[in-house]
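Below is one structure, written out as structure tokens, with a few remarks after it.
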Amino acid sequence: MDSHPLTASRQTLLPKILDRLSAHPGAACVLVLSRRKVVGIATRQDILQAIAQATQYANLRLSHVMTQPVVTVSQADLPADVTAVPRVLEQFAQHQISYLPVVDERQRLIGVLSQTALLQAWSARLSEGRRSATTALMPPTAAATHEDELRRQHQRAQLLAEITLKIRQSLQLKEILQTTVDEVQRLLDADRVLIYQVLPDGTGQPISEAVVPPYPPVLGFSFPEEVFPEEYQALYAEGRVQAIADIHAPDCGLADCLVEFSEQWGIQSKLIVPIIHPLQPEPNLSQAARLPQLLGLLIALQCSSPRQWSEFELDLLLQLADQISIALSHGQMLEYLEERVRLRTAELTQANDALHQEIRERTQIEAALRQSEEQLRLITNNLPVLIAYVDSQQHYRFNNQAYQHWFGQAPTDIYGQSIKTVMGAAHYQTVQSYINTALTGQPVTYESELTLKDGRSHSISVAYVPHLEAIDDVAPQVKGFFALTTDISDRKAIERMKDEFIAVVSHELRTPLTSIHGSLKLMATGRLGHLSAEGQQMLEVADENTDRLVRLVNNVLDLQRIESGEVTTDRKSVG
């Protein structure tokens, strides 16, 4: 038994089944059993072909292969002697199968019968002494005739078994066809046996040939449509068979042009059977797809003399034509698979090249980004300000080295943390509204107080610049924002000193200066007495200088009022 029973569901994956077949090299098919009853069968070749045709073979299941009902034979129907073997062989030919499960009266599996084993057993039985015992009861002439007939049947059975086995186990079409014509030429002792392929344009050419000297080979010649006209093709497609004993006989049925063509190649007699593609039983096919398709012709030629073709020879070629049809169908499938593999390989190669190109481009982009980031870090790390990028979820995605000086945390530690964690919950509450505004896409600038790692509160100036990104003409989306934080504690100290100076000027300097300026003005009028000429001159100088000091103090106070917004300016054109 060259099968492997599998007590599993039809949903079993094909790669797993193929692994089990690999573990049993002698197994040629897989049987699926349910309570010891056969529910499915698949050959090793069926599984390999299904995997080869599928694009996603990893998920391919056994049910994808077993699409036809399983054919079994009862043990009671097995042949009791050699004469009943052809009945079983007819089932192999009818269903185009290689293995036939044998079941008992309860439909439980007993074994598996292969077509090759049956033919070999039949040939062995024919060679045993039983054949001699049968011929001993016959007259010498009849016994010799019967012996020849059995020998020819044995040869035909061997040839059919060999061709069938090659077709089932191999997709090497040239090897199968060449073996066929060689064996037919040897068995029929014909001068030339060839397989003629019919091309779609009406022309044709021999694709396999076996010829004996001195007749020249025709392999490689292309014959025009006139040699095989369209009406002849239609007749052969319907199953026409021609057995012409003599092409010169008046009743041979050949046109004069075909007789002349045959004479050019020295043909005296011919036996022609069509090779027809098997009909497709699928109901969803169109009517044209269900019509028989003529693939070619199997031709046996006698060139030395006319020849009367026997029924045995005709039957042999008809059976071989059916097998050749299967071989050609397999060959077409192989060409289709090879073309698919070639196209798929080209696609994968192209995709692989594109992937390598994309990888190279990405590598270059990543290298450029790394270099750009290194340059950016080199620049930002040397600035005494905080520079960061925060995403839409308020997590840091970039920090410069200043964060370590301010907070005592390295940029790698801060990366991915939230603003609330880094700045502290108290400070986050004071700036949360500004952050929310920046995440709506509006720039924000504000000043605040922040406690750094030294424990002191620092005045800071913060600017948030939103990061907007538009995709396919859609409204820009906020991806995050850039944050720039500057320590303005020194500036605030200077501003406080200025305010203190202004207060001093306003309260401690302006009031006595005004009094002095008023007194000098009064003395300059002479109401408090007259001074000498030199005294009067000194008084005027003092008055002018105090007037300048008053104007200077007033200007300082006016600038303060302007900066604080207490003064409204009214612009006018002059000149």
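The values are calculated or read from the model by the stated rules, or taken from the named source; none is laboratory data. Because the structure is a prediction, the values reported are computed rather than measured. Ideal geometry is used to build each Cβ from the backbone, glycine not excepted, and the neighbour counts take in all protein chains shown. Ligands, DNA and RNA are stripped out before the accessible areas are found, and what is left, the full protein with its side chains, is counted by its heavy atoms. Shrake-Rupley method; radii C 1.70, N 1.55, O 1.52, S 1.80 Å.
Numbers below:
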{"quantity": "Residues (open to solvent by 60 Å² or more (accessible area, probe 1.4 Å) and modelled with pLDDT of 70 or more) located in region 79-108", "calculated": "Glu105, Arg106, Gln107, Arg108"}
{"quantity": "Residue match in region 491-502 (condition: in contact (Cβ under 8 Å) with a residue 24 or more places away in the chain, farther than 30 Å from Leu539 by Cβ and among the aliphatic types (A, V, I, L, M))", "calculated": "yes"}
{"quantity": "Some residue of region 417-425 being in contact (Cβ under 8 Å) with a residue 24 or more places away in the chain, surrounded by fewer than 12 Cβ atoms within 10 Å (Cβ to Cβ) and of a type in the set (D, E, K, R)", "calculated": "no"}
{"quantity": "Listing of strands (runs of 3 or more DSSP E) fully contained in region 284-399 that carry 1 or more residues being more than 30 Å from Gln442 (Cα to Cα) and open to solvent by 60 Å² or more (accessible area, probe 1.4 Å)", "calculated": "293-302"}
{"quantity": "Some residue of region 222-239 being of a type in the set (A, V, I, L, M), over 46 Å from the mean Cα position of the chain (by Cα) and open to solvent by 40 Å² or more (accessible area, probe 1.4 Å)", "calculated": "yes"}
{"quantity": "Flag if Asp499 is at pLDDT below 80 and under 60 Å from the mean Cα position of the chain (by Cα)", "calculated": "no"}
{"quantity": "Qualifying residue in region 202-210 (condition: open to solvent by 40 Å² or more (accessible area, probe 1.4 Å), of a type outside the set (Ser, Thr, Tyr), in contact (Cβ under 8 Å) with a residue 60 or more places away in the chain and assigned to a loop (DSSP other than H, G, I, E, B))", "calculated": "no"}
{"quantity": "Residue match in region 182-189 (condition: open to solvent by less than 80 Å² (accessible area, probe 1.4 Å), modelled with pLDDT of 65 or more and part of a strand (DSSP E or B))", "calculated": "no"}
{"quantity": "Candidate set from region 431-460 (those that are at pLDDT below 90 and among the polar types (S, T, N, Q)); member that is farthest from Phe398 (Cα to Cα)", "calculated": "Ser457"}
{"quantity": "Residue, nearest to Val198 (Cα to Cα), within region 230-253, restricted to residues that are touching a strand residue (DSSP E or B) at 6+ places or on another chain (Cβ under 8 Å) and in a helix (DSSP H, G or I)", "calculated": "Gln233"}
{"quantity": "Tally, over region 505-536, of residues that are touching a Leu at 6+ places or on another chain (Cβ under 8 Å), hydrophobic (A, V, I, L, M, F, W, C) and either open to solvent by 50 Å² or more (accessible area, probe 1.4 Å) or not in a helix (DSSP H, G or I) (or both)", "calculated": "4"}
{"quantity": "Set Leu539, Leu549, Leu557: member being open to solvent by less than 50 Å² (accessible area, probe 1.4 Å), hydrophobic (A, V, I, L, M, F, W, C), under 24 Å from Phe501 (Cα atoms) and part of a helix (DSSP H, G or I)", "calculated": "Leu557"}
{"quantity": "Wholly enclosed helices (runs of 4 or more DSSP H) of region 404-447 bearing at least 1 residues aromatic (Phe, Trp, Tyr), within 24 Å of Leu468 (Cβ to Cβ) and out of contact with any helix residue (DSSP H, G or I) (no Cβ under 6 Å at 6 or more places or on another chain)", "calculated": "425-438"}
{"quantity": "Residue list for region 469-504, filter: open to solvent by 90 Å² or more (accessible area, probe 1.4 Å) and part of a strand (DSSP E or B)", "calculated": "Gln477, Phe482"}
